[in-house]
Amino acid sequence: MKRTRAFLALLCLMFYSTLFAQNGASRLQVSAARATDAIIIDGYLNEAVWRGTSFTAFKQRDPNQGEEPTEKTEVWVAYDDAALYIAARMYDSSPDSIMSVLGRRDDYVTADWFVAFIDSYYDKRNGFFFMVSAAGTLIDGTMYNDDWDDWSWDGVWEAGTTIDNQGWTAEFRIPYSQLRFHDQDKYTWGINFKREIGRKNETDYLAYTPRKESGFVSRFGDLVGIEKVTPPQRVEVLPYVNTRAEYSPRVDGNPFKDRSKYLPGMGADVKIGLGSNLTLDATINPDFGQVEVDPAVVNLSDVESYFEEKRPFFVEGANTFSFGRGGASSFWGFNSSIPTIFYSRRIGRAPQGRANGDYVDSPVGAHIIGAGKISGKVWDGWNVGMIHAVTAREFAQVQTAGVRSESEVEPASYYGIARLQRDFNDGKQGFGVISTFTNRFFDDQRLADQINGSALVTGVDGWTFLDTSKTYVVTGWLAASHITGTTKRILSLQQSSQHYFQRPDATHLDIDSSATSLTGYAGRFTMNKQKGPMTLNAAFGFTNPGFNSNDMGFYSRNDYMNAHLVSGYRWPDPTDWYRFFSVAASLFGSFDFQGNPTWLGVWSSINYELPNYYYIWLNYAYNPETISNRRTRGGPLTKNLPGWEIDLGWNSDSRKPVMLDMFGFVYNGGGGISYGSELNVQWRPAPNVTLRVGPGYFIDEIGAQWVNAFDDPTATATFGRRYVFANMNQRTLSANIRLNWTFTPQLSLQLFAQPLISSGDYYNFKELERPKSYDFLIFGTNGSTFDGNNYIADPDGPGPAAPLALGNPDFNFKSLRGNAVLRWEYRPGSTLYFVWTQSRSDYENLGEFQLRRSWSRLIDADTDNIFMVKFTYWWSM
């Protein structure tokens, strides 16, 4: 508690040592003209409306902040009853050097770009952006929290470009149905423009954010002149039909690996405007077969792997449900396990129930019957978001002794989330609430003992700036969780890796075998300095032992309090020696609710961008001796030995046809050593082809890798249970390979492949000798015995302790998975997909890393192939 009080006192000192200043910068003004004739979106600026007065007052942000651009840019804005139009003329003194690089939709590459930013709500914190490259590639997204952007949103709009002897031109048509604005007689919107000149690494803006400051949307100019426009009745329908062919290898005797499947499907996505402020998105029988496959992982920890959401319905607008990260432009973690309140991949997750039999065929995920999402603004500026989804009962096909049956593995389930948030006082304060609810409907009561019955998580968040210049900001959040279930289920949950209430030396934890619910709380508070060359960030967070957001969220551990203080200095203005240079250092620490220090350390960092646009960064960290409350997986405490880590990274100039990105690290501590490196190579052999290859090789020599635990009343030193570990030597070789071949801005081919080979060699099997130590008895020494052929250990030889059958944990896992997607947007918003997905894997109880043998077995392994054709058609009513 003394540490906590001292940290909070330091925060207060920093909070109230600020200088107050008034920021009264005036806003630029851009006028829109009403178009009286039709505008053809072809990149040729020959319509009469483009002969009016243009806007040319751009300024450089990079490389020479505040100076005049090296090339002139002219912009015009027009409108009619249906859409907003933007035209731009990008003059270039060397038009043959324009970087006209063609990429697929939403794929950013270093090139020449023109970007329009629109704050149609005029709240000076949120908005939309629309980008087009000189080659015609489209990118769009949303902006939020004044500084951040989200590229997941895909609007239906048009842009055309041409290159001529003066440079290049661009035309935009953005339908009002793609924007959000209140119905008024006359409109004032926020507007900004950006031009990127790829070969010069130059960016020119109407209004830019100085390098030493923050805030972007709030700096926009004012778009005026639009009047007598009514927000349209927004109804968009995107039905789909598809057909899927699945081919699995035949496995002798397995009735579920002896057939191919042909599965037709149909469904629809619907977007409906509920007035001018709210939007309803609904999906019926959704299909996500065109998304990229998840990478293969070898997870030897007690924490589940986190995978990114890639399904379009859940990706689009995800920032609406962002929680606890408003106000500040920078957040740091430093070993804090910050819970995620909403993790959309819980909807349609893999079945959680178990089915037993000689052969079992379980579905890969719960089928989403339907889902609906509402987002927008209500009640004078409150941002609102809701998702409601229902998933079906899922059954595994089972065969035992030749008899076929089915077993329910996932009940029908409801998932709901509601989010409400508002900014006040021109964004200087903000407040929000969030709530998620999961409810399951058990027809098979056997599952009620395996899966939570219901789960509720509710939280509040907000921020406040401490000065009128918006230099210092405090942001924070608090949340509580409540889970219900049968006594057997809640008992299992208390003892699971999510909680470990059974830890024998944890005086602050107790197991309640009669409980039918579990409740907990969590929170975090952060202070950040938003402006100036000196950076400053401090935070304090906590998650109590009972908190659990995993039914609709994600978290890796609880029972911790975490704090850090990080400060640094940056030199963002280019010189002859650097383009950017910064240093930073921090102190951080974590404790459990019993007061044990579970992680402590110091960290430092150097970032250096050279004048030739090469970038180098170096991190160093030192961790003193601490205590682990998870190594024994529900057993007694152990000691973490001191350690140090060095990380080094380097990347080359992204303008070149070949770009390199390298990373390496070494961690020496905790009784072992880990090191590895990655090399990412991007090659652009043609303006429309990009190949990325990223191999990585990692070595982990672990001093105490978990094997198992065994009840033994003679093990009095470790509370009647023996905790067995081993040294482990793990070698992992993997690569991410991507090929993007863009034929036209509407037609592209994307290939992805991920080979992975990982081996683990276990040796020196041993047991923990005493709690709160890093002392082990190696089997085969001090009177113990070990049978290396059968992996049987006897802790005391002829003594009373029973032998331990450890089994052989050595492994050699090989995997190759990937997919190919041909995407043709044959009309705006309407797409035809051809998809091929393949996966293959192989497993051996072999600890040696043998590259040739592993690759040969992987190539010879049986494959699962899925072929899919999907047709979507968009129309707006």
The stretch 305-419: strands (runs of 3 or more DSSP E) wholly inside it with 1 or more residues that are in contact with an Asp or Glu (Cβ under 9 Å, 6 or more places away or on another chain) are 368-378, 382-391, 394-400, 403-410
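Out of Glu394, Glu406, report the one residue that is acidic (Asp, Glu) and either surrounded by 20 or more Cβ atoms within 10 Å (Cβ to Cβ) or within 25 Å of the chain's Cα centre (by Cα) (or both).
The match here is Glu394.
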Does any residue of the stretch 18-36 turn out to be open to solvent by 80 Å² or more (accessible area, probe 1.4 Å), closer than 30 Å to Trp741 by Cα, modelled with pLDDT of 90 or more and out of contact with any His (no Cβ under 7 Å at 6 or more places or on another chain)? no
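Go through Asn558, Asn596, Asn550 for me and flag whichever is farther than 22 Å from Leu618 by Cα and in contact with a Leu (Cβ under 8 Å, 6 or more places away or on another chain).
Among Asn558, Asn596, Asn550, only Asn596 is farther than 22 Å from Leu618 by Cα and in contact with a Leu (Cβ under 8 Å, 6 or more places away or on another chain).
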Taking the stretch 156-171 and the residues there that are of a type in the set (Gly, Ala, Ser) and closer than 13 Å to Met131 by Cβ, the one that is least open to solvent (accessible area, probe 1.4 Å) would be Ala170
Okay, strands (runs of 3 or more DSSP E) sitting entirely in the stretch 744-807 with 3 or more residues that are farther than 30 Å from Ala135 by Cα and either without any contact (Cβ under 8 Å) to a residue 60 or more places away in the chain or more than 40 Å from the chain's Cα centre (by Cα) (or both), I get 747-768, 785-787, 792-794
Exactly one of Thr837, Thr831 is under 28 Å from Leu238 (Cβ atoms), open to solvent by 20 Å² or more (accessible area, probe 1.4 Å) and among the β-branched types (Val, Ile, Thr), and that one is Thr837
- Query: Is at least one residue of the stretch 504-519 under 29 Å from the mean Cα position of the chain (by Cα) and either open to solvent by 20 Å² or more (accessible area, probe 1.4 Å) or modelled with pLDDT of 95 or more (or both)?
  - Reply: yes
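Any residue at all in the stretch 248-257 that's open to solvent by less than 20 Å² (accessible area, probe 1.4 Å) and closer than 29 Å to Val77 by Cβ?
no
Out of all the residues in the stretch 863-876, is one or more over 30 Å from the mean Cα position of the chain (by Cα) and at pLDDT below 95?
Step one: of the stretch 863-876, the residues over 30 Å from the mean Cα position of the chain (by Cα) are 875-876.
From what is left, the residues that are at pLDDT below 95 are 875-876.
Yes, because at least one residue in the stretch 863-876 is over 30 Å from the mean Cα position of the chain (by Cα) and at pLDDT below 95.
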Among residues of the stretch 124-147 being among the aliphatic types (A, V, I, L, M) and touching a residue at least 24 places away in the same chain (Cβ under 8 Å), the residue surrounded by the fewest Cβ atoms within 10 Å (Cβ to Cβ) is Ile139
Report yes if Leu102 is modelled with pLDDT of 90 or more and within 19 Å of Phe55 (Cβ to Cβ), otherwise no. no
Of the conditions (1) closer than 17 Å to Ala735 by Cβ; (2) surrounded by fewer than 17 Cβ atoms within 10 Å (Cβ to Cβ); (3) of a type outside the set (Gly, Ala, Ser), the single one that Arg817 does not satisfy is (2)
Can you find even one residue in the stretch 586-600 that is among the charged types (D, E, K, R) and either touching a residue at least 60 places away in the same chain (Cβ under 8 Å) or outside any strand (DSSP E or B) (or both)?
yes
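Please go through the stretch 67-81 and pick out each residue that is touching a residue at least 40 places away in the same chain (Cβ under 8 Å) and open to solvent by less than 50 Å² (accessible area, probe 1.4 Å). Give the steps one after another, and end with the answer.
Kept after step one, since they are touching a residue at least 40 places away in the same chain (Cβ under 8 Å), are these residues of the stretch 67-81: 69-71, 73, 75-81.
Of everything in the stretch 67-81, those that are touching a residue at least 40 places away in the same chain (Cβ under 8 Å) and open to solvent by less than 50 Å² (accessible area, probe 1.4 Å) turn out to be Pro69, Glu71, Thr73, Val75, Trp76, Val77, Ala78, Tyr79, Asp80.
For Ser305, are the conditions met, namely being loosely packed, with under 13 Cβ neighbours inside 10 Å and among the polar types (S, T, N, Q)?
Spelling it out, Ser305 is indeed loosely packed, with under 13 Cβ neighbours inside 10 Å and among the polar types (S, T, N, Q).
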Of the residues in the stretch 110-128, those that are touching a Phe, Trp or Tyr at 6+ places or on another chain (Cβ under 7 Å) and among the polar types (S, T, N, Q) come to Ser120, Asn126
Result of the Cβ filter at 6 Å on the stretch 256-276, keeping first residues that are closer than 30 Å to Pro232 by Cα and touching a residue at least 24 places away in the same chain (Cβ under 8 Å) and partners that are of a type in the set (Val, Ile, Thr) and open to solvent by 80 Å² or more (accessible area, probe 1.4 Å), at least 6 apart or interchain, is Gly267/Ile284; Ala268/Ile284
By residue number, the members of the stretch 526-546 that are in contact (Cβ under 8 Å) with a residue 40 or more places away in the chain, under 14 Å from Ala584 (Cβ atoms) and aliphatic (A, V, I, L, M) are Leu536, Ala538
Selection over the stretch 656-678 where residues are surrounded by fewer than 16 Cβ atoms within 10 Å (Cβ to Cβ) and more than 23 Å from the chain's Cα centre (by Cα) yields a count of 7
Every listed condition ((1) within 30 Å of Val75 (Cα to Cα); (2) open to solvent by 50 Å² or more (accessible area, probe 1.4 Å); (3) under 30 Å from the mean Cα position of the chain (by Cα)) holds for Gln233 save (3)
From the option list Asp653, Asp647, Asp700, Asp661, single residue qualifying as under 26 Å from Gly103 (Cβ atoms), part of a strand (DSSP E or B) and charged (D, E, K, R) is Asp661
Quick one: would you say Ser549 is assigned to a loop (DSSP other than H, G, I, E, B), polar (S, T, N, Q) and surrounded by 18 or more Cβ atoms within 10 Å (Cβ to Cβ)? yes
Across (1) open to solvent by 20 Å² or more (accessible area, probe 1.4 Å); (2) at pLDDT 95 or above, Tyr723 clears everything bar (1)
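Yes/no matrix, rows are residues, columns are (1) over 23 Å from Ser26 (Cα atoms); (2) open to solvent by less than 10 Å² (accessible area, probe 1.4 Å); (3) outside any helix (DSSP H, G or I):
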position: Ile86; (1), (2), (3): yes, yes, yes
position: Asp107; (1), (2), (3): yes, no, yes
position: Thr110; (1), (2), (3): yes, no, yes
position: Tyr122; (1), (2), (3): no, no, yes
position: Asp149; (1), (2), (3): yes, no, yes
position: Asp154; (1), (2), (3): yes, no, yes
position: Arg173; (1), (2), (3): yes, no, yes
Only one of (1) aliphatic (A, V, I, L, M); (2) assigned to a loop (DSSP other than H, G, I, E, B); (3) under 30 Å from Asn612 (Cα atoms) does not apply to Val229, and that is (3)
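The values are calculated or read from the model by the stated rules, or taken from the named source; none is laboratory data. Since this is a predicted model, take the numbers as computed values, not measurements. Reconstructed Cβ throughout: ideal geometry from the backbone, glycine too, with neighbour counts over all protein chains shown. With ligands, DNA and RNA removed, areas are computed over all heavy atoms of the protein, side chains included. Shrake-Rupley method; radii C 1.70, N 1.55, O 1.52, S 1.80 Å.
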